[in-house]
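Heads up, the thing below is written out as C-alpha cells.
What follows is calculated from the coordinates using simple rules that are stated; it is not laboratory data. Just so it is clear, the structure is predicted and the values come from calculations on it, not from any experiment. All Cβ positions, even for glycine, are placed from backbone atoms using ideal geometry, and neighbour counts span all protein chains on display.
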Amino acid sequence: MTDIIDPPADQPSDPQVVPFTKPVAAVPAGAPRVIAIANQKGGVGKTTTAINLGTALAAIGEHVLIVDLDPQGNASTGLGIERKARNISTYDVLAGSAPMRGAVIPTAVPQLYIAPSTMDLSGLELEIGRERDRAFRLRTALNNINNGTPAFNFTYVLVDCPPSLNLITVNAMAAADSILVPLQCEFFALEGLSQLLKTVEQVKTTLNPKLSIHGVVLTMHDSRNNLSNQVVADVRQFMGPKVYDTVIPRNVRISEAPSYGKPVLVYDLKCVGSEAYLRLATEIIQRERALRAAG
Ligand SMILES: Nc1ncnc2c1ncn2[C@@H]1O[C@H](COP(=O)(O)OP(=O)(O)OP(=O)(O)O)[C@@H](O)[C@H]1O
Ligand SMILES: [Mg+2]
C-alpha cells in the first residue's frame with residue numbers, strides 16, 4: 001500500500017525504479033464532480049450504491065458516468081452490459097491503450113453511462129506498478145472527459161472501487177473530489193474504517209490535496225434488528241455529520257434487481273429501496289451545493 005503512494009524509498013538510486021511524479025493538473029471548466037465509492041470490506045453495498053445512486057441522480061436531472069473499477073464487473077453486469085459489449089474496458093483505459101471516451105457506453109437509463117470493466121483489470125497492478133504515473137491513470141483519463149457534446153457533458157462521475165486498498169483504489173482516490181463510504185449495518189461495520197480513513201489521509205497528503213470524505217452511507221439496515229439500530233447509533237457517534245441522514249434499508253427488491261440487469265429504480269420504482277436511493281441522491285446534491293457555496 002505505502003509503495004503505491006510513495007516512491008520506493010529503499011532503492012532511490014536504482015535506475016530501474018522510476019521516481020514518482022505528479023501530472024500537471026488541468027481541470028477544465030464544467031468538469032464533473034468525481035465521487036469514489038470505496039470500502040476495502042467486501043459486500044458492503046459499494047456496487048449497489050454506484051448503480052442505484054447513479055440511476056437516482058440521472059432520474060433527477062444529473063448526467064452521470066459510472067466508472068467500473070472492479071475486475072468482478074458487477075456494476076457493468078448489474079446495469080445489463082453483456083460481456084461481449086465490453087469492447088473497450090477500464091482496463092484498456094488505465095493501461096493506456098484507449099481513451100476514456102472510447103470506453104463509455106450508454107445504459108438503458110437515460111443520462112446514465114458506464115465505462116465497463118473486465119477481468120483483465122486484475123492484472124493491471126503487475127503491468128503498471130512501476131510506472132511513474134501509476135497512481136494517476138484514472139485522473140488523467142478523466143481529464144477533459146466533457147467535450148461539450150450532449151453525451152460527454154457529465155455532472156457526476158461515480159467510481160465503483162474493488163474491495164481492496166490496492167493501486168486501483170488509489171487511482172480512484174487520486175482522481176476523486178471526494179469519497180463516499182458505504183458501511184453495512186452489521187457487527188463489524190466499523191472494522192477497517194480507520195484503515196480506510198488513514199489511506200484517504202495518505203492520498204490527500206501525497207497525491208490529491210483536494211480529497212475529502214463526502215459522506216458515509218449506512219446500508220442493509222433492518223429496523224427490526226436491535227444490532228442494526230445500534231450500528232447506526234455507533235457510526236453516527238464516530239463519524240458525526242459525515243453520516244448521511246438517509247439509511248438504505250435491507251430490501252429484497254434491491255438484491256433481485258441486478259439479476260435482471262436493472263437498477264432497482266427501474267425494476268421497482270415504488271419499493272423502499274428505490275425511495276431510499278432517491279433520498280440519498282437528493283441529499284448528495286444538497287451537500288454538493290453547500291460545498292460549492294463554501295468555496
Ligand atoms: N440494501 C440492500 N438490501 C438487500 N440486499 C442488498 C442491499 N445492498 C446490497 N445488497 C446485496 O448485498 C450483496 C453485496 O452488495 P454489493 O455487491 O453492492 O457490495 P460491494 O461492496 O460492491 O461488494 P464487493 O466488495 O464484492 O464489490 C449483493 O448481493 C447485493 O445485491
Ligand atoms: Mg462491488
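Quick rundown of the values:
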{"read-out": "Most mobile of I179, I60, I254 in a GNM of the chain (Cα contacts under 10 Å)", "value": "I60"}
{"read-out": "Mean-position separation - Cα centroids, region 105-154 and region 202-224, in angstrom", "value": "21"}
{"read-out": "Residue-span extension gain [D234 to L269] - 0.36 nm each, minus C-alpha spacing", "value": "9.5 nm"}
{"read-out": "Karplus-derived 3J(HN,Hα), 6.51/-1.76/1.60, for each residue of region 127-139, Hz, glycine and proline x", "value": "6, 10, x, 10, 6, 5, 9, 4, 8, 10, 4, 6, 4"}
{"read-out": "HN-Hα J in Hz across region 186-192 - Karplus 6.51, -1.76, 1.60, θ = phi - 60°, x for Gly and Pro", "value": "9, 4, 8, 3, 7, 4, x"}
{"read-out": "In order through region 55-66: 3J(HN,Hα) via Karplus (6.51 cos²θ - 1.76 cosθ + 1.60), integer Hz, x for Gly, Pro", "value": "5, 5, 4, 5, 5, 9, x, 7, 10, 10, 10, 9"}
{"read-out": "Max mean-square fluctuation residue, GNM over the chain, Cα-Cα springs under 10 Å, options Y156, Y113, Y260", "value": "Y260"}
{"read-out": "Spin-label model distance (nm) - S255 vs R130, 7 Å beyond Cα toward Cβ", "value": "4.6"}
{"read-out": "Nearest-ten-degree value, helix 272-293 long axis tilted from longest Cα axis of the chain", "value": "50"}
{"read-out": "Cα-projected label distance for E191 with K84, points at 7 Å along beta-carbon direction, nm", "value": "4.3"}
{"read-out": "Centroid-to-centroid separation of region 233-253 and region 63-97 [C-alpha atoms, Å]", "value": "29"}
{"read-out": "Sites K242 and A108 - FRET efficiency at Förster radius 35 Å, r taken between beta-carbons, to 0.05", "value": "0.60"}
{"read-out": "Top of A75, A135, A85 by mean-square fluctuation, Gaussian network on the chain, Cα under 10 Å", "value": "A85"}
{"read-out": "Per-bin percent of Cα-Cα distances, region 117-220 [5 Å]", "value": "2, 10, 19, 22, 18, 16, 8, 3, 1, 0"}
{"read-out": "Other-chain or far-sequence residues with amide H under 5 Å of V34's (modelled H)", "value": "V157, D177, S178"}
